[in-house]
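The values are calculated or read from the model by the stated rules, or taken from the named source; none is laboratory data. Remember, it's a predicted structure, so these values are computed and weren't measured experimentally. Cβ sites come from the backbone with ideal geometry, for glycine too, and all protein chains shown count toward neighbours. Please note that ligands, DNA and RNA were not included when accessible areas were found on the heavy atoms of the full protein model with its side chains. Shrake-Rupley method; radii C 1.70, N 1.55, O 1.52, S 1.80 Å.
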Amino acid sequence: MSQIALPLTLRTSTDPERIVIGNANRAAYDALQVPQDWPFKTAVLTGPPRSGKSLLGKWAQGHGIVVIDGADREDETQLFHHWNAAQESGEALLLISDAQPWEISLPDLRSRLGAALQLEIGVPDDDMVGQLIEVIAQQYGLSLADGAAEYLAPRVERSFAGIENLVRQIDRLSLERKAPATMSIWRAALNATQGPEQARLI
């Protein structure tokens, strides 16, 4: 497990944003380091909400890759022109799509991007979930008691958005109760975001 620090600041912290690299995004991150190996020097990155696609895009952009974030919302003819321009210049092109699958209507664009390298961020395992919890807590300026990641990782909804929502609830409850984020707060946050524990076990 590793992290990449980006030279960016968060509204809730003076620390740089960090990308947690784990099972869900390791293949995508490794591929971003060798754009010269991409078919037609083009890659398409997809993944679930809050999975760090844009952060990976910022990292790639800082390493000389042309990045179009939200490519699935762009005009397809314009995207086709971007692809042609990248081919002429020899620049690597990364298109980030929120749509899964990304349905492309323009035949020429569909065939070009169908031949590109397809990168997808998957589902995080417990190790990655634990580190995501710690990193997001740091971004909120939230101090978690020892053992938080180990306790929460197997119990939280297995999605990036769910993990972020849980940490947000822990932070909110800790502030409301004016109490440290210990076991009672963790349990209350799990109940608030996912329902009572007994219901989750059924």
Long-range neighbours under 9 Å by Cβ, at least six apart or interchain, first residue closer than 18 Å to Gly52 by Cα within region 99-122, second in a loop (DSSP other than H, G, I, E, B) and open to solvent by 50 Å² or more (accessible area, probe 1.4 Å)
Glu120/Gln100; Gly122/Asn23
Within region 75-92, the residues that are of a type outside the set (S, T, N, Q), open to solvent by less than 70 Å² (accessible area, probe 1.4 Å) and out of contact with any Phe, Trp or Tyr (no Cβ under 9 Å at 6 or more places or on another chain) are Glu76, Leu79, Phe80, Ala85, Gly90
For Ala60, only one of the following conditions fails: (1) open to solvent by 20 Å² or more (accessible area, probe 1.4 Å); (2) under 15 Å from the mean Cα position of the chain (by Cα); (3) over 18 Å from Phe160 (Cβ atoms). What is its number?
(1)
Inside region 69-84, the number of residues satisfying the requirement of being part of a helix (DSSP H, G or I) and within 25 Å of Leu55 (Cβ to Cβ) is 7
Checked Pro49, Pro101 against criteria (open to solvent by 10 Å² or more (accessible area, probe 1.4 Å), in a loop (DSSP other than H, G, I, E, B), of a type outside the set (Val, Ile, Thr) and under 30 Å from Leu152 (Cα atoms)); the one match is Pro49
All but one of (1) open to solvent by 20 Å² or more (accessible area, probe 1.4 Å); (2) assigned to a helix (DSSP H, G or I); (3) over 24 Å from Ile21 (Cβ atoms) hold for Trp186; which doesn't?
(1)
Quick check: anything in region 174-191 polar (S, T, N, Q) and under 20 Å from Ala24 (Cβ atoms)?
no
Residue list for region 125-172, restricted to those being within 25 Å of Arg26 (Cα to Cα), open to solvent by 70 Å² or more (accessible area, probe 1.4 Å), free of Cβ contacts under 8 Å to residues at least 40 places away in the same chain and not in a helix (DSSP H, G or I)
Pro154, Glu157, Arg158
Total residues in region 173-182, condition open to solvent by 50 Å² or more (accessible area, probe 1.4 Å) and either farther than 14 Å from Ala145 by Cα or within 27 Å of the chain's Cα centre (by Cα) (or both)
5
